[in-house]
Amino acid sequence: MRVVYRGLAVAAAVVAAAATLAVVLPSEPGEVAAGPVTAPPAAPPSSGSAPSSPPTAAPTPVAAQQRVTPRPEGSLAPGYTAMEALYADPRVPKLTRSVKRMALRSPGRRFVKDRRSGLAVPRLPRPWKAYGAAPFTTKQVLPKRRGTALRGIFVTCPLPIMRQKSARDTALLAARWTLNHHPEGSRITWLASQPVKRGWMLVYRVTYGKRTSRAAVVVLDGGMSKPGLAFVTVPDSQRKQWRDIGRVASGVRVLG
């Protein structure tokens with residue numbers, strides 16, 4: 001009887017081994033057994049044993065290789081220049097040759113000197129008045145109108161954006177920057193564009209909903225570390241002072 005039981009035990013062991021092989025080995029040549037994906041093994045300790053080969057880096061997805069489109073309101077996307085961001089901004093149309101020059105009127109005889117930007121700008125007549133300049137270096141404003149927070153402002157400061165190779169491109173970027181001082185959703189329409197002595201001047205309409213403002217920027221090299229910027233904007237609720245836009249555009253000069 002001992003011989004019979006011993007033979008049955010050996011047979012059971014053979015059957016169990018065969019079942020184990022059936023689970024581990026592929027059922028057909030060239031077929032890979034399924035199993036969980038695990039992280040690569042940790043680097044072996046510095047005990048003198050042969051190091052394992054480094055894991056292969058995963059391929060970069062195609063979407064991650066593409067450049068990100070710059071947002072008009074935000075900072076520059078990686079790989080984009082300031083001018084590329086400008087051209088991608090739907091709020092600022094392309095400045096074409098169809099935009100004409102404007103006749104510049106006499107600026108008057110009274111000036112405000114901005115020694116930080118190297119500019120002298122017109123002191124506008126009443127109802128304009130000087131006001132606390134911060135964060136600019138000079139500031140003139142129109143009186144507030146009941147029922148609206150918008151009013152005319154005329155300011156100067158060192159250029160708050162990156163200077164470009166041409167004065168025209170610098171003025172374009174400056175005009176885009178001034179949208180920060182207009183209501184949300186504002187868009188530009190160009191009215192005039194022309195060179196001025198040591199710089200460039202742009203006049204434009206700003207539209208926000210059913211309302212508009214007239215505005216202008218003048219960028220001049222006043223001999224300082226940065227060019228100087230003069231910026232004026234007047235809402236349609238004070239349209240009688242739109243005539244002062246031309247006075248500003250024609251009256252900004254280099255100090256000295």
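Each value in this text was obtained by applying a stated rule to the coordinates, not by laboratory testing. All values derive from a computational prediction rather than experimental measurement. Reconstructed Cβ throughout: ideal geometry from the backbone, glycine too, with neighbour counts over all protein chains shown.
Taking amide H as placed 1.01 Å from N in the peptide plane, the amide H of Phe111 sits under 5 Å from that of Arg123, each at least 5 places away or on another chain. Compactness ratio for segment 119-222: Cα radius of gyration over 2.2 N^0.38 Å (N = residue count) comes to 1.10.
3J(HN,Hα) along segment 86-96: 4, 5, 8, 8, x, 6, 10, x, 5, 8, 9 Hz, from the Karplus curve 6.51 cos²θ - 1.76 cosθ + 1.60 with θ = phi - 60°, whole Hz, x for Gly and Pro. Provide the net charge surrounding Thr137, with neighbours chosen by a C-beta distance below 12 Å and charges set as Lys +1, Arg +1, Asp -1, Glu -1. Overall, the nearby charge balance is +4. For the Cα trace of segment 119-174, dividing Rg by the Kirkwood Rh returns an Rg/Rh value of 1.06. Over all pairs of different C-alpha atoms, segment 213-256 has a mean inverse distance whose reciprocal, the Kirkwood radius, equals 11.3 Å. Report the paramagnetic label zone for Ala130: residues of segment 229-256 whose backbone N is under 20 Å from a point 7 Å from Cα along the Cα-to-Cβ axis. 229-233, 248, 251-256, by backbone N distance to the label point.
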